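Data block below; observations after.
The values are calculated or read from the model by the stated rules, or taken from the named source; none is laboratory data. These numbers come from a predicted model, not from an experiment. Here the Cβ positions follow ideal geometry from the backbone for every residue, glycine too, while neighbour counts run over all protein chains shown. Protein only, heavy atoms only, side chains kept; ligands, DNA and RNA dropped before computing areas. Shrake-Rupley method; radii C 1.70, N 1.55, O 1.52, S 1.80 Å.
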Amino acid sequence: QEYAALQLAEEVSLGKFGFFSRKESLDLGIRVGLAVVTDGITVAPLQGISSIEEKENGDGSKYISVSFAGPIRSAGGTEAAFTLIIADHIRKVLGLESYKVNSWNEDESGRVIEELRIYEREVSNFQFKVSDEDIQYLLSHMPIEVDGVETDPSEVAVHRDLKRIKTNRVRGGALRVINDGLIGRSRKLHNLVNILSISGWDWLKDLEGGLQ
(Lines give C-alpha, C1' and ligand atoms only; values in the text may rest on other atoms or scores of the structure.)
Protein backbone atom coordinates (compact mmCIF):
# COMPACT_ATOMS: atom_id res chain seq x y z
CA GLN A 1 0.00 0.00 0.00
CA GLU A 2 2.74 2.46 0.95
CA TYR A 3 4.74 1.47 -2.14
CA ALA A 4 1.66 2.11 -4.30
CA ALA A 5 1.25 5.51 -2.63
CA LEU A 6 4.82 6.50 -3.48
CA GLN A 7 4.51 5.30 -7.07
CA LEU A 8 1.20 7.02 -7.72
CA ALA A 9 2.38 10.24 -6.07
CA GLU A 10 5.46 10.20 -8.30
CA GLU A 11 3.42 9.60 -11.47
CA VAL A 12 1.00 12.42 -10.63
CA SER A 13 3.83 14.85 -9.85
CA LEU A 14 5.62 13.99 -13.11
CA GLY A 15 2.50 14.74 -15.15
CA LYS A 16 1.50 11.23 -16.20
CA PHE A 17 -2.17 12.14 -15.72
CA GLY A 18 -1.98 15.65 -17.14
CA PHE A 19 0.36 18.63 -17.14
CA PHE A 20 0.42 20.75 -14.00
CA SER A 21 2.55 23.58 -12.68
CA ARG A 22 5.17 22.50 -10.14
CA LYS A 23 3.04 23.87 -7.29
CA GLU A 24 0.03 21.88 -8.51
CA SER A 25 2.21 18.79 -9.00
CA LEU A 26 3.43 19.01 -5.41
CA ASP A 27 -0.06 19.50 -4.05
CA LEU A 28 -1.80 16.79 -6.07
CA GLY A 29 0.99 14.23 -5.73
CA ILE A 30 1.13 14.42 -1.94
CA ARG A 31 -2.66 14.42 -1.51
CA VAL A 32 -3.07 11.44 -3.85
CA GLY A 33 -0.36 9.53 -1.95
CA LEU A 34 -2.09 10.23 1.37
CA ALA A 35 -5.43 9.11 -0.10
CA VAL A 36 -3.85 5.75 -0.95
CA VAL A 37 -2.39 5.14 2.53
CA THR A 38 -5.73 6.07 4.14
CA ASP A 39 -7.65 3.63 1.91
CA GLY A 40 -9.24 6.27 -0.27
CA ILE A 41 -10.95 8.18 2.55
CA THR A 42 -10.97 11.69 1.11
CA VAL A 43 -11.29 13.52 4.44
CA ALA A 44 -7.58 13.05 5.18
CA PRO A 45 -6.02 14.54 2.02
CA LEU A 46 -8.69 17.19 1.48
CA GLN A 47 -9.21 18.49 5.01
CA GLY A 48 -6.20 17.21 6.96
CA ILE A 49 -3.67 19.03 4.79
CA SER A 50 -4.21 22.77 4.68
CA SER A 51 -1.63 23.60 2.01
CA ILE A 52 1.58 22.43 0.37
CA GLU A 53 4.03 25.17 -0.51
CA GLU A 54 7.43 25.67 -2.05
CA LYS A 55 9.43 27.88 0.33
CA GLU A 56 13.01 29.15 0.63
CA ASN A 57 15.90 28.29 2.90
CA GLY A 58 18.27 31.03 3.99
CA ASP A 59 20.60 30.20 1.08
CA GLY A 60 17.78 30.69 -1.44
CA SER A 61 17.29 26.99 -2.18
CA LYS A 62 13.69 25.78 -2.56
CA TYR A 63 12.11 23.15 -0.34
CA ILE A 64 8.66 21.68 0.39
CA SER A 65 6.53 22.73 3.33
CA VAL A 66 3.42 20.70 4.28
CA SER A 67 0.88 22.55 6.40
CA PHE A 68 -1.54 20.49 8.48
CA ALA A 69 -4.99 21.83 9.32
CA GLY A 70 -5.44 19.79 12.48
CA PRO A 71 -5.34 16.17 13.61
CA ILE A 72 -6.04 14.17 10.42
CA ARG A 73 -9.30 12.33 10.90
CA SER A 74 -9.17 8.82 9.44
CA ALA A 75 -5.35 8.85 9.51
CA GLY A 76 -3.34 7.46 12.42
CA GLY A 77 0.04 8.81 13.49
CA THR A 78 1.96 6.54 11.13
CA GLU A 79 -0.12 7.52 8.09
CA ALA A 80 0.11 11.21 8.94
CA ALA A 81 3.89 10.94 9.33
CA PHE A 82 4.18 8.95 6.10
CA THR A 83 2.78 12.03 4.34
CA LEU A 84 6.21 13.64 4.90
CA ILE A 85 7.97 10.61 3.39
CA ILE A 86 5.72 10.90 0.32
CA ALA A 87 6.55 14.62 0.15
CA ASP A 88 10.27 13.86 0.36
CA HIS A 89 9.97 11.32 -2.46
CA ILE A 90 8.32 13.96 -4.66
CA ARG A 91 10.96 16.51 -3.57
CA LYS A 92 13.69 14.24 -4.93
CA VAL A 93 11.76 13.54 -8.15
CA LEU A 94 11.29 17.26 -8.80
CA GLY A 95 14.86 18.19 -7.83
CA LEU A 96 14.10 20.38 -4.82
CA GLU A 97 16.41 20.83 -1.83
CA SER A 98 15.89 19.70 1.76
CA TYR A 99 14.36 21.93 4.40
CA LYS A 100 17.03 23.48 6.62
CA VAL A 101 15.75 24.36 10.07
CA ASN A 102 17.00 27.60 11.67
CA SER A 103 18.53 28.64 8.33
CA TRP A 104 17.34 32.24 8.67
CA ASN A 105 19.29 32.49 11.95
CA GLU A 106 16.02 32.11 13.81
CA ASP A 107 15.49 29.42 16.44
CA GLU A 108 12.73 27.50 14.66
CA SER A 109 13.46 24.29 16.57
CA GLY A 110 13.17 26.21 19.85
CA ARG A 111 9.85 27.56 18.63
CA VAL A 112 8.47 24.05 18.05
CA ILE A 113 9.64 22.87 21.48
CA GLU A 114 8.08 25.89 23.21
CA GLU A 115 4.90 25.52 21.19
CA LEU A 116 4.58 21.80 21.90
CA ARG A 117 5.00 22.26 25.65
CA ILE A 118 2.41 25.06 25.70
CA TYR A 119 0.00 22.81 23.79
CA GLU A 120 0.52 19.99 26.33
CA ARG A 121 0.00 22.37 29.23
CA GLU A 122 -2.89 24.50 27.98
CA VAL A 123 -4.71 22.58 25.23
CA SER A 124 -4.51 18.79 25.20
CA ASN A 125 -2.37 15.74 25.87
CA PHE A 126 -0.50 13.86 23.17
CA GLN A 127 -0.52 10.09 22.87
CA PHE A 128 3.25 9.97 23.53
CA LYS A 129 5.64 11.89 25.76
CA VAL A 130 8.71 12.96 23.78
CA SER A 131 11.93 14.69 24.79
CA ASP A 132 13.17 18.13 23.75
CA GLU A 133 16.30 16.42 22.45
CA ASP A 134 14.27 14.21 20.11
CA ILE A 135 12.35 17.20 18.77
CA GLN A 136 15.57 19.10 18.10
CA TYR A 137 17.22 16.07 16.50
CA LEU A 138 14.18 15.39 14.33
CA LEU A 139 13.98 18.95 13.04
CA SER A 140 17.69 19.07 12.26
CA HIS A 141 17.27 16.04 9.97
CA MET A 142 13.81 16.61 8.47
CA PRO A 143 13.99 17.17 4.68
CA ILE A 144 10.41 18.54 4.67
CA GLU A 145 9.05 21.36 6.84
CA VAL A 146 6.13 20.36 9.06
CA ASP A 147 3.94 23.46 9.29
CA GLY A 148 0.31 24.03 10.24
CA VAL A 149 -2.47 26.51 10.69
CA GLU A 150 -3.23 27.88 14.15
CA THR A 151 -5.72 25.64 15.92
CA ASP A 152 -6.01 27.18 19.39
CA PRO A 153 -5.73 30.66 20.97
CA SER A 154 -2.66 29.79 23.09
CA GLU A 155 0.47 31.65 21.90
CA VAL A 156 4.21 31.25 22.27
CA ALA A 157 5.86 33.87 24.47
CA VAL A 158 9.53 33.64 23.45
CA HIS A 159 9.87 32.47 19.83
CA ARG A 160 7.54 34.96 18.19
CA ASP A 161 7.23 36.54 14.72
CA LEU A 162 9.54 34.11 12.95
CA LYS A 163 10.00 34.64 9.22
CA ARG A 164 8.77 31.24 8.01
CA ILE A 165 6.09 30.57 10.64
CA LYS A 166 2.95 32.59 9.95
CA THR A 167 1.37 32.54 13.39
CA ASN A 168 2.39 32.93 17.03
CA ARG A 169 -0.40 30.58 18.08
CA VAL A 170 -0.05 26.84 18.53
CA ARG A 171 -0.45 24.64 15.43
CA GLY A 172 -2.12 21.51 16.78
CA GLY A 173 -2.04 19.48 13.57
CA ALA A 174 1.67 20.03 12.98
CA LEU A 175 2.50 19.28 16.61
CA ARG A 176 0.60 15.98 16.55
CA VAL A 177 2.38 14.87 13.39
CA ILE A 178 5.75 15.67 14.99
CA ASN A 179 4.97 14.26 18.45
CA ASP A 180 2.69 11.28 17.86
CA GLY A 181 3.70 10.49 14.28
CA LEU A 182 7.34 11.14 13.45
CA ILE A 183 8.78 10.69 16.96
CA GLY A 184 6.16 8.55 18.68
CA ARG A 185 6.16 6.03 15.85
CA SER A 186 9.77 6.45 14.73
CA ARG A 187 10.54 2.73 15.11
CA LYS A 188 7.61 1.72 12.94
CA LEU A 189 8.49 4.37 10.36
CA HIS A 190 12.12 3.27 10.29
CA ASN A 191 11.07 -0.33 9.64
CA LEU A 192 8.77 0.89 6.87
CA VAL A 193 11.43 2.94 5.06
CA ASN A 194 13.80 -0.03 5.26
CA ILE A 195 11.21 -2.37 3.74
CA LEU A 196 10.52 0.16 0.97
CA SER A 197 14.27 0.91 0.47
CA ILE A 198 13.70 4.66 0.94
CA SER A 199 16.95 6.60 1.37
CA GLY A 200 17.54 9.61 3.57
CA TRP A 201 15.49 8.53 6.61
CA ASP A 202 17.93 6.21 8.41
CA TRP A 203 18.33 8.83 11.15
CA LEU A 204 14.90 7.80 12.49
CA LYS A 205 16.61 4.90 14.28
CA ASP A 206 18.56 7.37 16.45
CA LEU A 207 15.44 8.91 18.01
CA GLU A 208 14.56 7.74 21.52
CA GLY A 209 10.91 7.68 20.49
CA GLY A 210 7.84 8.34 22.59
CA LEU A 211 6.72 6.95 25.95
CA GLN A 212 3.04 6.28 26.46
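Name the pairs whose Cβ atoms lie under 6 Å apart, with the first residue in region 50-63 and without any contact (Cβ under 8 Å) to a residue 60 or more places away in the chain and part of a loop (DSSP other than H, G, I, E, B), the second of a type in the set (D, E, K, R) and surrounded by 16 or more Cβ atoms within 10 Å (Cβ to Cβ), and 6 or more positions between them or separate chains?
Every condition considered, the pairs that remain are ASN57/LYS100.
Within region 1-23, can you find the residues that are hydrophobic (A, V, I, L, M, F, W, C), modelled with pLDDT of 80 or more and more than 15 Å from HIS89 (Cα to Cα)? Show your work before the answer.
Going through region 1-23, the residues hydrophobic (A, V, I, L, M, F, W, C) turn out to be 4-6, 8-9, 12, 14, 17, 19-20.
Now drop any that are not modelled with pLDDT of 80 or more, which leaves 4-6, 8-9, 12, 14, 20.
Of everything in region 1-23, just one residue is hydrophobic (A, V, I, L, M, F, W, C), modelled with pLDDT of 80 or more and more than 15 Å from HIS89 (Cα to Cα), namely PHE20.
Yes/no matrix, rows are residues, columns are (1) among the hydrophobic types (A, V, I, L, M, F, W, C); (2) under 17 Å from THR78 (Cα atoms):
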{"site": "SER124", "(1), (2)": "no, no"}
{"site": "PHE128", "(1), (2)": "yes, yes"}
{"site": "VAL158", "(1), (2)": "yes, no"}
{"site": "LEU162", "(1), (2)": "yes, no"}
{"site": "THR167", "(1), (2)": "no, no"}
{"site": "VAL170", "(1), (2)": "yes, no"}
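Taking the criterion of being open to solvent by 10 Å² or more (accessible area, probe 1.4 Å), in contact with a Phe, Trp or Tyr (Cβ under 8 Å, 6 or more places away or on another chain) and in a loop (DSSP other than H, G, I, E, B), would at least one residue in region 100-110 satisfy it?
Within region 100-110 (the criterion being open to solvent by 10 Å² or more (accessible area, probe 1.4 Å), in contact with a Phe, Trp or Tyr (Cβ under 8 Å, 6 or more places away or on another chain) and in a loop (DSSP other than H, G, I, E, B)), the answer is yes, since at least one residue qualifies.
Determine which single condition TRP203 fails, assuming it passes every other condition in (1) more than 22 Å from ARG121 (Cβ to Cβ); (2) over 17 Å from the mean Cα position of the chain (by Cα).
(2)
Tell me, which helices (runs of 4 or more DSSP H) wholly within region 115-212 include 2 or more residues that are in contact with a strand residue (DSSP E or B) (Cβ under 8 Å, 6 or more places away or on another chain), of a type in the set (Lys, Arg) and surrounded by fewer than 17 Cβ atoms within 10 Å (Cβ to Cβ)? Outline the logic, then answer.
Numbers: elements: 132-141, 172-176, 186-195.
Counting at least 2 such residues, we get no helices (runs of 4 or more DSSP H) at all.
Please verify whether region 63-77 includes one or more residues that are open to solvent by 50 Å² or more (accessible area, probe 1.4 Å), closer than 20 Å to LEU6 by Cβ and modelled with pLDDT of 90 or more.
Our first condition is that a residue be open to solvent by 50 Å² or more (accessible area, probe 1.4 Å); within region 63-77, this holds for 71, 73-74.
Checking the rest, the ones that are also closer than 20 Å to LEU6 by Cβ come to 74.
From what is left, the residues that are modelled with pLDDT of 90 or more are none.
Looking through region 63-77, none of the residues is open to solvent by 50 Å² or more (accessible area, probe 1.4 Å), closer than 20 Å to LEU6 by Cβ and modelled with pLDDT of 90 or more.
Please list, ordered by first then second residue, the pairs with beta carbon atoms under 7 Å, 6 or more apart or interchain, first in region 121-139 and small (Gly, Ala, Ser), second outside any helix (DSSP H, G or I).
Qualifying pairs under 7 Å: SER131/GLU208.
Does VAL32 satisfy being open to solvent by less than 40 Å² (accessible area, probe 1.4 Å), in a helix (DSSP H, G or I), at pLDDT 85 or above and not small (Gly, Ala, Ser)?
Values: open to solvent by less than 40 Å² (accessible area, probe 1.4 Å): no; in a helix (DSSP H, G or I): yes; at pLDDT 85 or above: yes; not small (Gly, Ala, Ser): yes.
It is false that VAL32 is open to solvent by less than 40 Å² (accessible area, probe 1.4 Å), in a helix (DSSP H, G or I), at pLDDT 85 or above and not small (Gly, Ala, Ser).
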